[in-house]
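Structure first, then comments.
The values are calculated or read from the model by the stated rules, or taken from the named source; none is laboratory data. Note that this is a predicted model, so its numbers are computed, not measured. Every residue, glycine among them, receives a Cβ derived from its backbone with ideal geometry; neighbour counts consider all protein chains shown.
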2 protein chains.
Amino acid sequence: MEAFLEIDPASDFSIDNLPYGCYSTRGGGGNGGAAAPPRRALCVALGNSVVDLGALQRAGLFSGPVLSKHADCFQTDALNGFMALGQPAWREARATLRRLLSASEAALRDDAALRAEAIVPMSDVTLHLPFSVGDYTDFYASRYHAHNCGVMFRDASVALPRNWLHLPIGYHGRASSIVVSGTPVQRPRGQVLDAASDTPVMRPCAAVDFELEVACVMGTGNELGSSIPADGAAASIFGLALMNDWSARDVQQWEMLPLGPFNSKNWATQLSPWVVTLEALEPFRCDAPVQEPGVLPYLREADRHVYDINLTASILPEGGPETLVAESNYKHIYWTFPQMAAHHTFGGCNLRTGDVLGSGTCSGPGPNQRACLLERTWGGKDPVKLEGGAGQRTYLRDGDSVVIRGWAGGGGGGGGAGRRRVGFGECRGKLLPSPAL
Amino acid sequence: MEAFLEIDPASDFSIDNLPYGCYSTRGGGGNGGAAAPPRRALCVALGNSVVDLGALQRAGLFSGPVLSKHADCFQTDALNGFMALGQPAWREARATLRRLLSASEAALRDDAALRAEAIVPMSDVTLHLPFSVGDYTDFYASRYHAHNCGVMFRDASVALPRNWLHLPIGYHGRASSIVVSGTPVQRPRGQVLDAASDTPVMRPCAAVDFELEVACVMGTGNELGSSIPADGAAASIFGLALMNDWSARDVQQWEMLPLGPFNSKNWATQLSPWVVTLEALEPFRCDAPVQEPGVLPYLREADRHVYDINLTASILPEGGPETLVAESNYKHIYWTFPQMAAHHTFGGCNLRTGDVLGSGTCSGPGPNQRACLLERTWGGKDPVKLEGGAGQRTYLRDGDSVVIRGWAGGGGGGGGAGRRRVGFGECRGKLLPSPAL
Ligand SMILES: [Ca+2]
Ligand SMILES: [Ca+2]
Ligand SMILES: [Mg+2]
Ligand SMILES: [Mg+2]
Ligand code: NI
């Protein structure tokens, strides 16, 4: 299937992708004129454009059996209502959009007025978080990441915590500080243990790190007291996004015993503006790592898979060129999102529409696949050299931007090679100086 | 000031209290007739009645300078809009209500139709959570509780974690599973380490505990990147509630290293239906414990105080009489809510209207003041004997209810003795059996 718009083959946003987002235009916004105040509207991405879902819905084009009964689900700036409709609605919307956007369908292609309203150049828009976040939970699902952290902080012989191979370890995160790509983040202040004096002090964090993660956006949830079986959990997942779990390592080290990371992790968590549906990722499924020892029945999956998604993290110093510092792949993750959802709900905890599950730092086996600076520099022993004479980094400097990218297919190897590219766009954030103490 | 309704001196809900809640009536609800569907409405408690705020507002009685500009703030079932208006609105609402409900004011007292609409017997209502919870954070702010846990799990010589006296330790909790008093809770299933085989197994939790806590409900918050100073933080706090942080101790022990408690804590957290404002608690202020060593400047308070609030927890087995198992007081807490808010936001994390901060288990110095079964039974070594031949408890049995109560004043000693009672009502929950595995 070809779109009626010309799509660069290198674009993240082929017609096979159609990720969901929320946009406003600078002058007008949504379909308003230049004089209207900015209005946020839901959209999908296609090539260099966004396609306004509200406009298509007002034109009566979501006419399938499910969405015709929910004629206002896109007349808002948050996907939650649509997500809560469940998989039949998501499939119908995707099929409808693919048909409407294809070269062979006239309804939108030949309606100049509707095209002018509904198709907006991406260069004219600001992107926002497209859903309202419920609760946010961050997991620790990469065996390579957990192993590396264990070797650095404990010992190679006891690198993995004893429970690690038996359950997907996670902790409750902070939903209020989830921000969209492009939002500048501010170096946090914190209480840390001063190494020289061996006393706690308050100062700007001296060890700001990123964590390259993949986020799972829950589409539907479960009632309190019930559980989501691992095997069926994929049907509850709306899609995936990129995530940078900004971290303050010195704060973390001092605060995290005995109850886990807190202020080290709650000052900013950044998401890509695009949520790529599981349906779009389907062609890029691949086997998940074999779990040995085997897991308890509630964590077993008859069809156990992850996705072949290339993941990169780069540092872009102010005025300097970008340096690629991590090249990983989502296929290395040990615990799957269905397993995380099953574990999260096994005791009866309820997941809700809009909840976010983070994969944890998505490291792979190789040294260049270590997906945060803590690991990548091996605790500072091996700083990363930046290109263009921008020096080296153990942790981030003020003015550095971190850019996370992710894509499946589109050449470059992997299970989806040769398929049209299905990408996430960028998760980008610039680190601003800390406020005065 | 006397109310025009007769109030039992033993009632938690004197005219000096006026805690906020949300109710519906069984047949009708709110001010609807018997045939109307249940409608939720905001209220305050007074003696054996609830007073419907929406009805008073529709009658034009919130006519002060702030609330007259927000004439719909009570025309909803969640306090969030009202809370977000800030302290001037809260003070004005309280002053207005005290005047309207006093024996000397005719406006409501002599308006039979309005009284019939606005004053509903508490025996006719169902109470709901009166605000929409944003994020929930649970702290660990009682030195006695932290010390006892340290002695049990580590050693008396290193009972407190090294950071404990320097910062209020907390962890992000789960907002989705916060339920109101009266909601039955279900024994969770979980993954635990089987002691006999030393292998992980899945089974119903065998160590269900309660934690008697006080919850702080944030009225206003801060922008991401800014901080709330400890000294001014009280102005951001709308009020306090009682909280039972239901806990699964066997699950906790296996899961919590290295990232903290997760499924052990996310299956139910129960709040009293009433939020008592800080203004109502003002007469019960008392000095907070002296902090030695001193704390860093961002945690210092010029006026450092807590409240003299009696706290009890009882176990009520099915059909049996209640046994008081813990008698504590909020005044024993080491870290104040303003300090928790200051620490939480010191790195730039944003608090929002409706966020909940839990105090952590509010234990006092005496053995009967240990405010959870883990501590109270000293890890099972000293089970609690129940009255009426109901046996003893290390942890809870199916069918047991836990009832938490809290009140200031009204006789019984303490700083507020002789003042009219300002109570929280109950935080009550019954433990149901676990679902089949
Ligand atoms: Ca993380
Ligand atoms: Ca607790
Ligand atoms: Mg984060
Ligand atoms: Mg809890
Ligand atoms: Ni106003």
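Of everything listed in (1) buried (at least 24 other Cβ atoms within 10 Å of the Cβ); (2) within 12 Å of chain A (Cβ to nearest Cβ), the single unmet condition for B:PRO130 is (2).
Selection of segment B:142-165 for residues being away from chain A (no Cβ under 12 Å) and closer than 13 Å to B:GLY364 by Cα yields B:SER142, B:ARG143, B:TYR144, B:HIS145, B:HIS147, B:ASN148.
With respect to B:CYS362, is the statement that it is closer than 30 Å to A:ARG203 by Cβ and either within 14 Å of chain A (Cβ to nearest Cβ) or out of contact with any Gly (no Cβ under 7 Å at 6 or more places or on another chain) (or both) true? Criteria not met by B:CYS362. Quick check on A:ALA71: is it crowded, with 17+ Cβ neighbours inside 10 Å and either of a type in the set (A, V, I, L, M, F, W, C) or in the same structural domain as A:ALA235 (by TED's automatic domain parsing) (or both)? Here the answer is no, as A:ALA71 does not meet what is asked.
Restricting segment A:85-143 to residues that are of a type in the set (D, E, K, R) and closer than 30 Å to A:ASN350 by Cβ leaves a set whose member that is nearest to ligand 4 (Cβ to nearest atom) is A:ASP135. Taking B:SER177 as the residue in question, decide whether it is surrounded by fewer than 21 Cβ atoms within 10 Å (Cβ to Cβ) and touching a residue at least 24 places away in the same chain (Cβ under 8 Å). No. Report yes if B:GLY170 is of a type outside the set (D, E, K, R) and either touching an Asp or Glu at 6+ places or on another chain (Cβ under 6 Å) or within 16 Å of ligand 4 (Cβ to nearest atom) (or both), otherwise no. It is true that B:GLY170 is of a type outside the set (D, E, K, R) and either touching an Asp or Glu at 6+ places or on another chain (Cβ under 6 Å) or within 16 Å of ligand 4 (Cβ to nearest atom) (or both).
Taking the conditions (1) surrounded by fewer than 21 Cβ atoms within 10 Å (Cβ to Cβ); (2) within 9 Å of another protein chain (Cβ to nearest Cβ) in turn, B:ASP135 satisfies each one other than (1).
Taking each residue of segment A:106-117 that is closer than 11 Å to A:ALA55 by Cα and in contact (Cβ under 8 Å) with a residue 24 or more places away in the chain and looking for partners that are among the polar types (S, T, N, Q) and not in a helix (DSSP H, G or I) with beta-carbon atoms closer than 7 Å, six or more apart or interchain, yields A:GLU117/A:ASN31. For segment A:268-319, a residue qualifies if it is surrounded by fewer than 17 Cβ atoms within 10 Å (Cβ to Cβ), in contact with a Gly (Cβ under 6 Å, 6 or more places away or on another chain) and either part of a strand (DSSP E or B) or within 14 Å of chain B (Cβ to nearest Cβ) (or both), and exactly one does: A:CYS286. Here is the figure for segment B:40-65: residues that are part of a loop (DSSP other than H, G, I, E, B) and either aliphatic (A, V, I, L, M) or in the same structural domain as B:VAL275 (by TED's automatic domain parsing) (or both) total 2. The listed residues are A:PRO338, A:PRO383, and the only one of them that is in the same structural domain as A:SER181 (by TED's automatic domain parsing) and free of Cβ contacts under 8 Å to residues at least 12 places away in the same chain turns out to be A:PRO383.
Suppose we filter segment A:312-341 for residues that are hydrophobic (A, V, I, L, M, F, W, C), in contact with a helix residue (DSSP H, G or I) (Cβ under 7 Å, 6 or more places away or on another chain) and under 15 Å from A:PRO365 (Cα atoms); how many remain? Of the residues in segment A:312-341, 2 are hydrophobic (A, V, I, L, M, F, W, C), in contact with a helix residue (DSSP H, G or I) (Cβ under 7 Å, 6 or more places away or on another chain) and under 15 Å from A:PRO365 (Cα atoms). You will find that of A:VAL214, A:VAL208, the residue that is of a type in the set (A, V, I, L, M) and within 19 Å of the chain's Cα centre (by Cα) is A:VAL214 and no other.
Condition (residue is charged (D, E, K, R), crowded, with 17+ Cβ neighbours inside 10 Å and either modelled with pLDDT of 95 or more or over 15 Å from the mean Cα position of the chain (by Cα) (or both)) applied to segment A:142-156: is it met by at least one residue? Scanning segment A:142-156 turns up at least one residue that is charged (D, E, K, R), crowded, with 17+ Cβ neighbours inside 10 Å and either modelled with pLDDT of 95 or more or over 15 Å from the mean Cα position of the chain (by Cα) (or both). When segment A:243-267 is filtered for residues that are outside any loop (DSSP other than H, G, I, E, B), farther than 30 Å from B:MET202 by Cβ and within 13 Å of ligand 1 (Cβ to nearest atom), the ones remaining, listed by number, are A:ASN244, A:SER247, A:ALA248, A:ARG249, A:GLN252. Only one of the listed residues (B:LEU193, B:LEU160) is farther than 24 Å from A:ASN266 by Cα and either free of Cβ contacts under 8 Å to residues at least 24 places away in the same chain or not assigned by TED's automatic domain parsing to the domain that holds B:MET256 (or both). That residue is B:LEU160.
Filtered by the rule that a residue be among the basic types (Lys, Arg) and under 22 Å from B:PRO383 (Cα atoms), segment B:173-211 gives a lone residue, B:ARG187.
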